[in-house]
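For reference, the structure discussed in these notes is given below.
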Amino acid sequence: MSTEAVSGSTTPASHRPASPAQRLPGDPDVWVFIMAELAMFGAFFVAYIIYRAGDRTLYDASQLMLDRGLGILNTLLLITSSWAVASAVALTRKNLRTAGARHLGLGILLGLGFVVVKFFEYTAKLEAGLTLQSNDFYMFYWCLTGIHLLHVIGGSVILLVCWKNARAHRYGPAEMRGLETGASYWHMVDLLWIFLFPLLYLLR
Amino acid sequence: MLLLRHPIHRTWLLLAAASLAALFVRVDVTVGAAAGVATLGLAWFKCRLVILDFMELRHAPRPWRWAAEGWALSIAVIVLLVYLHTH
């Protein structure tokens, strides 16, 4: 019997290192929160498509007033921000802490770019008199994009805290929990927009 | 290509391409509900990429991966069914 086989048979399962195939990044409690958020937005998306089915003409006509160019720009900003944050996690795991912090900073800037674009989009809608009370489509538009924007702002604050910690070299291969948790929340914000954008701006 | 070497970079490229493709689908496909089906299909594909590669649930315990993937699939299917029912 080989030494490896002996050591494998005598090591209690609880003392073996966790397999990479079974690892949840970040704090499991935050993952419960992320799943609850996904469920809440999922209910909003289903409510939207059901209400849309009741008055397709109104929804299609109202959708034409949205700026798809700004929508696609915001999509590219968020997915690129998610890429930067995922890269920050990968770099920090390899102990490339400074590069990791820089990528995190880039992710935050791109997230703030999303907020700036939304500001211009909202301003144009308000100037055109398209408010929460204009019709059912705009009620959904303002509520869904508004709640999502609050998540973008909240996620940016979380990433700012992570960035501050990353610059102080508080994260590294042995201490990834905080960074992974912040990154997971940020990717959820991206995930929600990936469904929200086609629902409101594209689906006809 | 250096950009394609790391899975995270490949995922970003696919996400960007799929996002731009959604716009072309809207412009070019005008027959029936095909544009809507393609748009929702692309959204589901993008969600899956984010869940597996950015959120790193590809190697997570199965219940977590199934919960996230199940969310994306169920939203896409429910929206698609209602959309097709009323198209």
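Quick note: the coordinates plus some simple rules give every number you see, no bench work behind them. None of these values were measured; they are calculated from a predicted model. We place every Cβ from the backbone using ideal geometry, glycine too, and count neighbours over all the protein chains shown.
Residue-by-condition table, conditions (1) surrounded by fewer than 24 Cβ atoms within 10 Å (Cβ to Cβ); (2) under 13 Å from A:H187 (Cα atoms):
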residue: A:L70; (1), (2): yes, no
residue: A:L77; (1), (2): yes, yes
residue: A:S82; (1), (2): no, yes
residue: A:A86; (1), (2): no, yes
residue: A:G100; (1), (2): no, no
residue: A:H103; (1), (2): yes, no
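The criterion of being more than 7 Å from every other protein chain (Cβ to nearest Cβ) and not acidic (D, E) does not hold for B:L23. When region A:35-50 is filtered for residues that are more than 7 Å from chain B (Cβ to nearest Cβ), surrounded by 15 or more Cβ atoms within 10 Å (Cβ to Cβ) and more than 12 Å from B:W71 (Cβ to Cβ), the ones remaining, listed by number, are A:F44, A:Y48.
Of everything in region A:155-204 that is of a type in the set (A, V, I, L, M), touching a Phe, Trp or Tyr at 6+ places or on another chain (Cβ under 7 Å) and under 19 Å from A:L73 (Cα atoms), the residue that is nearest to the other protein chains (Cβ to nearest Cβ) is A:L203. Residue pairs whose Cβ atoms lie under 8 Å apart, sitting 6 or more positions apart in sequence or on different chains, and linking a residue in region A:100-121 that is at positive phi to a partner that is part of a helix (DSSP H, G or I) and surrounded by fewer than 22 Cβ atoms within 10 Å (Cβ to Cβ), do not occur here.
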